[in-house]
Amino acid sequence: MSRSTAHTRRSLLPLLAAMAAGLSMTVHAQSLTELHEAARSYDASYQSAKSQYEASVAKGDQAKSLVLPTVLLTLGAERSSQEVPTPQRSYGNQNATLTASQPLYSPGNWASFEQGKKAVQAAEAALRAAEQTLMINISQAYFDVLASSDSLAFVKSQKVAVAEQLASAKRNFEVGTSTITDTREAQARFDLVTAQELAAENDLQVKSIALNQLTGLSNAKPKPVSTPIALATLTPADVNEWVSQSLDKHPTIKQLQTALEVAKLETNKAQAGHKPTVDLKASYRSVNNNGVASGSNPNADTVSNTASLGVTLTLPLFTGFSTQNKIRETLALEDKARTDLEAATRTIAQTTRTAYFGVLSGLGQVKALEAAEASSQSALDANKLGYQVGVRINIDVLNSQSQLFDTKAKLAKARYDVLLGGLKLRQANGTLSVADLQEVTSQLVK
């Protein structure tokens, strides 16, 4: 075995040890889907959206009462006394009234009933949007921790490599084969890497706190991505197909489409102010009258029962122009809802295109960084060999080491960005689901 080969292998030992330590930590680590489930039951923003959905469903169901029968029961009792003229008398009265009504023709009530059903659809779309937002938030925090962990591992490995180069420079100076400049350059690089290590440790701690806050866990540990990782190409490959999907499935568009339909129904309800209403009404009343006189001939108790059934027609003749002005208001709000829908459609289409090309760019960057990593490794090996034979100086080796580890960190981050970008693309066009998280989870260390 040559001296250069042995030295190269020794320099890789710290990196391999760091990777092995990272793998050993995955014994109690959680996958992306596991942390997502934890966040669903803990995250305050998602729980708030879920409660709002339940409230919206209940409010929508209240509109059913406008087209269903109404039944009321009224009970009453009273006692009165008469002193003059004599003799003194007292009277009692107990009554019970049962009334029922059923709208037969009421355009306004039916419009409100339809609005209630539309409100439930809007609530469902809002909850889907909240679920997708939670998926992206947990995925972002998950890959932030992984990227920060990788950066720390690479910095630690670089620190070990620089320490070896510093020791080598000191030995060469002692034997007179190098100048004090090599030692000072290596010492300066070692101090710089030490500062970078402290910054990386702090960044990892901050990212871990964010993940813990989102999931409710005290020590969430994401599983790393398995290597080698196979980044799938985008399917479908046409950006216009992604945009087309967003127009059909995006929850925000669904919400605004429903809002437009509700606005149209509000106009119908306002126009119903000119129309008659017909109601079927029925009632049954029972009255028990009793009285007692202070002298002779007390009054006898009497009971009367009355039943009625009829139809009521109500026709508005003049309402002070309130109906006409209400129609003007609802028509303007209908135009606003239509404009809001158009604006959201354009924004979502643009966001989807941006996310699509972002993923394509990310895939290209990964390939370029993979090539750069191989080139950087070759350059480092060549500079180490040149330093040993005297054709390269110490700073050349230190620069090559920095370039290699910086490329490794950028490559790891680029891979995470592609995985996260694929999820953000599906959120942009409204198709993100738990199945997408499961697909990412399949690429994690088991």
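Quick notes on this one:
- Residues of the range 383-399 classified as buried (at least 19 other Cβ atoms within 10 Å of the Cβ) and of a type in the set (A, V, I, L, M), total: 2
- Any hit, the range 350-357, residues being surrounded by fewer than 17 Cβ atoms within 10 Å (Cβ to Cβ), touching a Ser or Thr at 6+ places or on another chain (Cβ under 7 Å) and in a helix (DSSP H, G or I): no
- For the range 209-223, filtering for residues that are in contact with a helix residue (DSSP H, G or I) (Cβ under 7 Å, 6 or more places away or on another chain) and not in a loop (DSSP other than H, G, I, E, B) leaves 5.
- Qualifying residue in the range 202-219 (condition: among the hydroxyl-bearing types (S, T, Y), farther than 30 Å from V162 by Cβ, in contact with a Ser or Thr (Cβ under 9 Å, 6 or more places away or on another chain) and buried (at least 17 other Cβ atoms within 10 Å of the Cβ)): no
- Members of the range 231-269 found to be within 17 Å of K424 (Cβ to Cβ), part of a helix (DSSP H, G or I) and touching a Gly at 6+ places or on another chain (Cβ under 9 Å), listed by number: Q245, S246, K249, P251, T252
- From the options T215, T235, residue that is within 24 Å of S361 (Cβ to Cβ) and hydroxyl-bearing (S, T, Y): T235
- Enumeration of residues in the range 61-92 that are modelled with pLDDT of 75 or more and of a type in the set (D, E, K, R): D61, K64, E78, R79
- Tally of residues being over 38 Å from the mean Cα position of the chain (by Cα) and not in a strand (DSSP E or B) across the range 88-132: 3
- Subset of the range 400-440 (residues that are surrounded by fewer than 21 Cβ atoms within 10 Å (Cβ to Cβ) and either outside any helix (DSSP H, G or I) or at positive phi (or both)): T431, S433
The values are calculated or read from the model by the stated rules, or taken from the named source; none is laboratory data. What you see is a predicted model; the values in this text were computed from it and never measured. Please note: Cβ atoms are built from the backbone with ideal geometry, for glycine as well, and neighbour counts cover all protein chains shown.
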